[in-house]
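Undergrad: Below: one structure in structure tokens.
The values are calculated or read from the model by the stated rules, or taken from the named source; none is laboratory data. Note that the structure is predicted; figures quoted are calculated from it, not measured. Virtual Cβ from ideal backbone geometry, glycine too; neighbours counted across all protein chains shown. Heads up: the accessible areas ignore ligands, DNA and RNA and are worked out on the full protein's heavy atoms, side chains in. Shrake-Rupley method; radii C 1.70, N 1.55, O 1.52, S 1.80 Å.
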Amino acid sequence: MSSHILAGIDFSAPSPQVARRLIGVTLLVNGVGGRIVEVEAYDREDPASHSFSGKTARNFAMFGAPAHAYVYLSHGIHWCLNFVCREEGHGAGVLIRAIEPLAGLEQMALRRGLSDARLLCSGPGRLGQALGVTRALNALALGAAPFELLPRKGRVPVAVGPRIGISKAVELPWRFGLAGSPFLSRPFR
């Protein structure tokens, strides 16, 4: 099996396609994590993407090989986890926005300073904190420790809508989520 195919997903595909397929996949970082319930796709031709203006010291991992992590610091406080898509050099990825916590809940609660499972990983900053995401994970392969991706089981109902918290390309329906999940960062409309 190729290193860019994980959990039954071809990460060399366009980011919206990868994003949709990630809903229901289990993500673990050092054994802590859960089922992915919300993501957003980004591409270098998308003005809301970090890769839109080209490769920089901050976003170099986004231009790397597919099925690798791209980690960035948002607003100077939150580490956010993305999965790199497309061919090396393209600059596309999927932001992991929310998971349903299933493994390592005590550790997540300790890292987040709260115990409400619905608030542990609902939003990319919360998710990063709960999973212990730091810059040290940037550019690492998703198919090796500390990451583990497990295939989704069966069909999952996927909701689609516009991305959150951006001011450019807001009309693109590149936010995907598990329909009806109470663990989303925001409901779909």
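Undergrad: Before we move on, is S12 of a type in the set (S, T, Y), more than 12 Å from the chain's Cα centre (by Cα) and within 18 Å of P124 (Cβ to Cβ)? Working first, answer last.
TA: Numbers: of a type in the set (S, T, Y): yes; more than 12 Å from the chain's Cα centre (by Cα): yes; within 18 Å of P124 (Cβ to Cβ): no.
No; evaluated as a whole, the condition is false for this residue.
Undergrad: In this structure, does R35 turn out to be among the basic types (K, R), touching a residue at least 60 places away in the same chain (Cβ under 8 Å) and more than 16 Å from R163 (Cα to Cα)? Spell out the reasoning first.
TA: Values: among the basic types (K, R): yes; touching a residue at least 60 places away in the same chain (Cβ under 8 Å): yes; more than 16 Å from R163 (Cα to Cα): yes.
Yes: the conditions hold for R35.
Undergrad: Looking at the range 146-161, which of the residues that are closer than 11 Å to G24 by Cβ and of a type in the set (D, E, K, R) is most open to solvent (accessible area, probe 1.4 Å)?
TA: So in the range 146-161, the residues closer than 11 Å to G24 by Cβ come out as 150-158.
Still in the running and of a type in the set (D, E, K, R): 152-153, 155.
On the way: R152: 76, K153: 186, R155: 229 Å².
Going through the qualifying residues, I end up with R155.
Undergrad: A further question on this structure: Filter the range 126-145 for residues that are more than 14 Å from G34 (Cα to Cα) and surrounded by fewer than 19 Cβ atoms within 10 Å (Cβ to Cβ) and give the result.
TA: T134, R135, A136, A139, L140, A141, G143, A144, A145
Undergrad: Oh, and also: Go through (1) more than 21 Å from Q17 (Cα to Cα); (2) exposed (fewer than 15 other Cβ atoms within 10 Å of the Cβ) one by one and return the number of the condition P101 breaks.
TA: P101 satisfies all of (1) more than 21 Å from Q17 (Cα to Cα); (2) exposed (fewer than 15 other Cβ atoms within 10 Å of the Cβ) except (2).
Undergrad: I would also like to ask the following. Any residue in the range 162-182 that is open to solvent by less than 70 Å² (accessible area, probe 1.4 Å), farther than 19 Å from P124 by Cα and outside any loop (DSSP other than H, G, I, E, B)?
TA: no
Undergrad: In addition: If you check V32 against the conditions, is it under 12 Å from the mean Cα position of the chain (by Cα) and of a type in the set (A, V, I, L, M)?
TA: On the way: under 12 Å from the mean Cα position of the chain (by Cα): no; of a type in the set (A, V, I, L, M): yes.
Against the criterion (under 12 Å from the mean Cα position of the chain (by Cα) and of a type in the set (A, V, I, L, M)), V32 does not qualify.
Undergrad: Something else now. Determine whether the range 46-67 contains at least one residue that is open to solvent by 10 Å² or more (accessible area, probe 1.4 Å), within 17 Å of K168 (Cβ to Cβ), of a type in the set (D, E) and at pLDDT below 95.
TA: No, because not a single residue in the range 46-67 is open to solvent by 10 Å² or more (accessible area, probe 1.4 Å), within 17 Å of K168 (Cβ to Cβ), of a type in the set (D, E) and at pLDDT below 95.
Undergrad: Which of the residues that make up the range 75-90 are under 15 Å from the mean Cα position of the chain (by Cα) and open to solvent by less than 20 Å² (accessible area, probe 1.4 Å)?
TA: C80, L81, N82, F83, V84, C85
Undergrad: Residues R21, R44: which one is over 29 Å from A109 (Cβ atoms), touching a residue at least 12 places away in the same chain (Cβ under 8 Å), in contact with a His (Cβ under 7 Å, 6 or more places away or on another chain) and not β-branched (V, I, T)? So that I can check it myself, show each step before the final result.
TA: Values: R21 fails: in contact with a His (Cβ under 7 Å, 6 or more places away or on another chain).
Selected residue: R44, the only one of R21, R44 that is over 29 Å from A109 (Cβ atoms), touching a residue at least 12 places away in the same chain (Cβ under 8 Å), in contact with a His (Cβ under 7 Å, 6 or more places away or on another chain) and not β-branched (V, I, T).
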